[in-house]
Amino acid sequence: VDTHLVIQAVNPMMERCYAHAMPLVGKKCYEAYHGASAPCEICPTQETLKTGKSAYRNVPKTGPQRKVLGAQDLYSFPLFDSSTGQLKGVIEYVRDITEQKRLEEQLRQSHKMDAVGQLAGGIAHDFNNLLTCISGFSELLDGQIAEDTPMKKDVEQIQKACSQATSLTRQLLAFSRQQVLQPKVHSLNIVVAET
């Protein structure tokens, strides 16, 4: 691009990437590449034109109707006239990093899920310790209560709730990958009736 941000030449790759804005030569770079009506604030080319030094920025990759399609690294290098030493333009080097950004985001999500899994595992272990205590005392209580006592059914409900909570703990441990999954066949009628 020249000092007025008018595109002077492009390589075939840029023509393919910005086919929707062809022809590129003769247009202002911000119009051709971003569909903007004014120079971009984050553009390293403007910085190079002001300072006469190379610059770099991460900028959005845009398509038709200014739709953001990804991300790209934009490097700008000053282009001097060899006879006068005057800055006559900027050479822009663009590198598409859309896939790299997508993979970085996937890695971040993976780390988050790993942290959630570790938290779930820790909670499950602590919860399991409490359930063991509740279950043990309910069994002791169950042994001390006569069969015909109304409280017998209450103690059985406590034991049943402990059993369901233990199952939930196993699921949390499986989610946190601290316990091997052991799939089992269940009768849906029984599960619904118990619920």
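Given 20 °C and 1.002 mPa s, compute D for the stretch 7-145 with the Stokes-Einstein relation, Rh being the Kirkwood radius over Cα pairs; round to the nearest whole µm²/s.
109
Give the residue from L107, I134, S176 lying farthest towards the positive end of the charge dipole for the chain; charges sit on Cβ (+1 for Lys and Arg, -1 for Asp and Glu) and the dipole is referred to the Cα centre.
Ranked along the dipole, the leading option is L107.
Which whole-number value in Å³ per residue fits the convex hull of the alpha carbons of the stretch 127-177?
On the way: hull volume 2.8 nm³, N = 51.
Taking the convex hull of the Cα positions in the stretch 127-177, it is 54 Å³ per residue.
If you roll a 1.4 angstrom probe over the protein chains with everything in place, what fraction of the accessible area of the chain belongs to carbon and sulfur, to the nearest %?
The value for the chain is 57 percent carbon and sulfur by accessible area.
Send over a whole-number figure in Å² for the accessible area per residue of the chain, probe 1.4 Å. Before the final figure, lay out the partial values.
On the way: 13700 Å² over 195 residues.
The answer is 70 Å² per residue.
How big is the Kirkwood radius of the stretch 1-47, worked out from every pair of different alpha carbons and given in Å to one decimal?
That comes to 10.8 Å for the stretch 1-47.
The values are calculated or read from the model by the stated rules, or taken from the named source; none is laboratory data. The structure presented is a predicted model; accordingly, all values stated were derived computationally and were not measured. Ideal geometry is used to build each Cβ from the backbone, glycine not excepted, and the neighbour counts take in all protein chains shown. All accessible areas refer to the heavy atoms of the entire protein, side chains included, with ligands and DNA or RNA removed. Shrake-Rupley method; radii C 1.70, N 1.55, O 1.52, S 1.80 Å.
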